[in-house]
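Okay, so here's the structure we're looking at.
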Amino acid sequence: MADAATRPTAPRPAPSARSVAFSVPNLLTYSRCAAVPLVAACLFWADILHGGVSLRWLALGLFVAAAVTDFFDGYLARAWSQQSAIGRMLDPIADKLLVSTSLLMLASDGTIRGWSLWAAVVILCREILVSGLREFLAELHVSVPVSRLAKWKTTLQLIAVGFLLAGEAGDRLLPGVTFAGLTLLWISAVLTLYTGYDYFRAGGRHLVQGDKA
């Protein structure tokens with residue numbers, strides 16, 4: 001009995017590529033990507049095809065469901081030890097697609113207009129610049145970890161966009177919903193600028209070293 005108790009256990013077989021690709025955390029990330037065209041379609045139908053403001057509630061529901069997966073896919077991947085390369089790649093991309101597409105559609109239907117357009121421009125430009133920086137640093141085998149402030153920035157962006165998706169429909173239920181969304185959008189734009197500067201400061205020395213090499 002002692003020998004059986006001390007006998008080393010056989011190593012677990014490595015998960016197949018299919019099981020990793022279709023793990024629950026990755027399925028949640030895929031669903032967030034799939035929600036992007038659905039949210040855009042709801043806003044397009046509501047504005048261009050004059051489908052009514054009720055479609056904004058549908059867009060908001062899809063957006064909230066997608067935003068919730070942003071928490072659970074990472075949490076479950078860590079809790080179940082199901083972290084994967086495809087998950088690490090798609091997770092930030094899904095966030096950027098969801099926020100960027102929503103901002104473009106909201107600018108199109110006039111929810112974001114005037115000076116508030118600059119807040120949206122700041123957010124979009126920062127995401128493109130940081131993505132380019134990450135791609136360049138990846139060629140140098142340098143990773144720039146996501147800071148806690150950057151995670152708060154993403155959360156604030158999602159909340160701001162959620163208020164703006166409700167927009168006119170939300171204002172009918174509770175006046176000031178759109179104003180609250182625009183205020184949060186400006187706050188998230190400021191955080192976006194700061195975290196973008198933080199990333200470039202962290203990656204700047206690698207850019208300089210790359211030129212010297």
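What to note about this one:
- Rg(Cα)/(2.2 N^0.38 Å) for region 60-139, N = residue count: 1.31
- For T183, the solvent-accessible surface computed with a 1.4 Å probe is close to 60 Å², ligands and nucleic acids excluded.
- Between T183 and S108, the modelled label-to-label distance comes to 2.9 nm, taking each label 7 Å out from Cα in the direction of the beta carbon.
- Taking every protein chain into account, the 1.4 Å probe leaves R134 with about 90 Å² of accessible area, to the nearest ten.
- Counting only protein heavy atoms and a probe of 1.4 Å, the accessible surface of region 66-147 is 67% carbon and sulfur.
- Kirkwood estimate for region 29-99, i.e. one over the average of 1/r between Cα atoms, Å: 12.9 Å
- Region 18-171: C-alpha gyration tensor shape, a/c 1.5 cut-off, then a/b vs b/c: oblate
- Net charge of neighbours whose Cβ lies under 12 Å from the Cβ of D47, counting Lys and Arg as +1 and Asp and Glu as -1: -1
- Per-residue SASA entry for S84, accessible area with 1.4 Å probe, Å² rounded to 10: 10 Å²
The values are calculated or read from the model by the stated rules, or taken from the named source; none is laboratory data. Model, not experiment: these values are computed from the prediction. Reconstructed Cβ throughout: ideal geometry from the backbone, glycine too, with neighbour counts over all protein chains shown. All accessible areas refer to the heavy atoms of the entire protein, side chains included, with ligands and DNA or RNA removed. Shrake-Rupley method; radii C 1.70, N 1.55, O 1.52, S 1.80 Å.
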